[in-house]
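Every read-out reported here was derived from the displayed coordinates using simple, explicitly stated rules and does not represent laboratory data. Every value quoted in this text rests on a predicted model; they were computed, and no experiment measured them. Neighbour counts run over all protein chains shown; Cβ positions are idealised from the backbone, glycine included.
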Amino acid sequence: MFSNTSRTLQRPPKGLQVEKTKTQTALVRTRIPGFDYVINPYVGCAFGCRFCYVRKFLDFWGIDRPWGSFVYAKVNLPDRLRREVPRRRWPARILMSSATDPYLPQERHFRLTRRVLEILQQVPVDLQILTRSDLVLRDVDLLTRFPHLRVGFSLSTNRPEIKRRLEPRSPAIHRRIRALQTLKQQGIRTYVFLAPLLPLDIESLLRDVVPYVDEILVDFMNYPGMNRRILKQAGLEFVLSPEWIRKTVEELEQRVRPYTPLRIV
Ligand code: SF4
């Protein structure tokens, strides 16, 4: 699927391997409902969320490293995209990203996501960015130029003590929420993706998130078989129980839906 060089480019956090790679395709056809293509500027993810479903594909990719321990930057992706753009039908619906985070810390150095945005602003595109990082604020100047753009922040929980157990290396919740608020104030359409749904502080969701989103999406723990042990270790196995899911969704529907569209995906 991709090839990577063995040259380590920058001094990564202990245990994180950062390398350059090359990709054959920039715009990858997808079956994700609502999208024609996905763009993943990186292979792997420095955030290494413990529940991440992407780690399921490591064997398929032929990668024999633990999820969260590598980031391969597709350094030729902007050039590929530039060549593919004239050959695709527009307008197209694009999600960035589905198998990594487009605003990993390494994006400060490689600037792949930014270069993708520079190219895509030249075509009629319905673009959705999904991230856990406030680094997206770096690109506000470009984002405001897209007439059809939504920026989504993934938030499995808004309780820091829960986040620490399952996504200890992702950006702090308060940073994501502040970035969400800033983007909304800049007139950018936003949403929050409660995924995978973990215990929430509903009061703080209503106060800090709901006024700044156009929609809230909810998804549940994917691949429960793969994640049960991790959830058990974190003392959160109950999030797989139909009873907890039913109660939590009911509470969201009663308390959040009156103020913002709420979609269970
Ligand atoms: S940020 Fe997204 S892609 Fe990265 S590990 Fe977490 S869930 Fe997976």
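For n ≥ 4 DSSP H runs only, could you compute -39500 (n - 2.57) per run for the chain, divide by its residues and tell me the 222 nm figure to the nearest 500?
Rounded to the nearest 500, the figure is -7500 deg cm²/dmol.
Rank the residues Val192, Val71 as a footprinting-exposure proxy: fewest other Cβ atoms within 10 Å of their Cβ go first.
Fewest-to-most ranking of Val192, Val71: Val192, Val71.
Using 0.36 nm times the number of residues separating Phe57 and Glu243, minus their current alpha carbon distance, what extension gain do you get?
My answer for the length gained is 63.9 nm.
Sort Lys14, Lys163, Lys22 so the one with the fewest other Cβ atoms within 10 Å of its own Cβ comes first. Walk me through the numbers on the way to the answer.
Values: Lys14 5, Lys163 20, Lys22 16.
Listing Lys14, Lys163, Lys22 from fewest to most nearby Cβ atoms yields Lys14, Lys22, Lys163.
Evaluate Rg over Rh across the range 132-265, taking Cα atoms for both radii and Kirkwood's formula for Rh. Working shown, then result.
Numbers: Rg = 15.1 Å, Rh = 15.5 Å.
Dividing the radius of gyration by the Kirkwood radius yields 0.98.
Where in the range 25-60 is the amide nitrogen less than 20 Å from a point lying 7 Å along the Cα-to-Cβ axis of Arg164?
Within reach of a label on Arg164: 47-51.
Which order do Lys232, Lys184 fall in if you start with the one that has the fewest other Cβ atoms within 10 Å?
Lys232, Lys184
By the gyration tensor of its Cα atoms, with a ≥ b ≥ c the square roots of the eigenvalues, what is the shape of the chain: rounded for a/c under 1.5, prolate for a/b over b/c, or oblate?
oblate
How many nm is it between the label spots at Lys14 and Thr182, if each spot is 7 Å from the Cα in line with the beta carbon?
It works out to 3.0 nm between the two label points.
Just to be sure I understand: with springs between alpha-carbon atoms less than 10 Å apart, which residue in Thr100, Thr30, Thr157 has the highest mean-square fluctuation in the Gaussian network model of the chain?
Taking springs between Cα atoms under 10 Å, the residue moving most is Thr30.
Once you have the Cα-Cα distance between Arg115 and Arg255, take 0.36 nm times their residue separation minus that, and quote the gain in nm to one decimal.
Working: separation 140, 0.36 × 140 = 50.40 nm, distance 4.01 nm.
Going from the current span to full extension adds 46.4 nm.
For the range 51-140, how big is the tail of P(r) above 22 Å, as a whole percent of Cα pairs?
Of the Cα pairs, 34 percent sit more than 22 Å apart.
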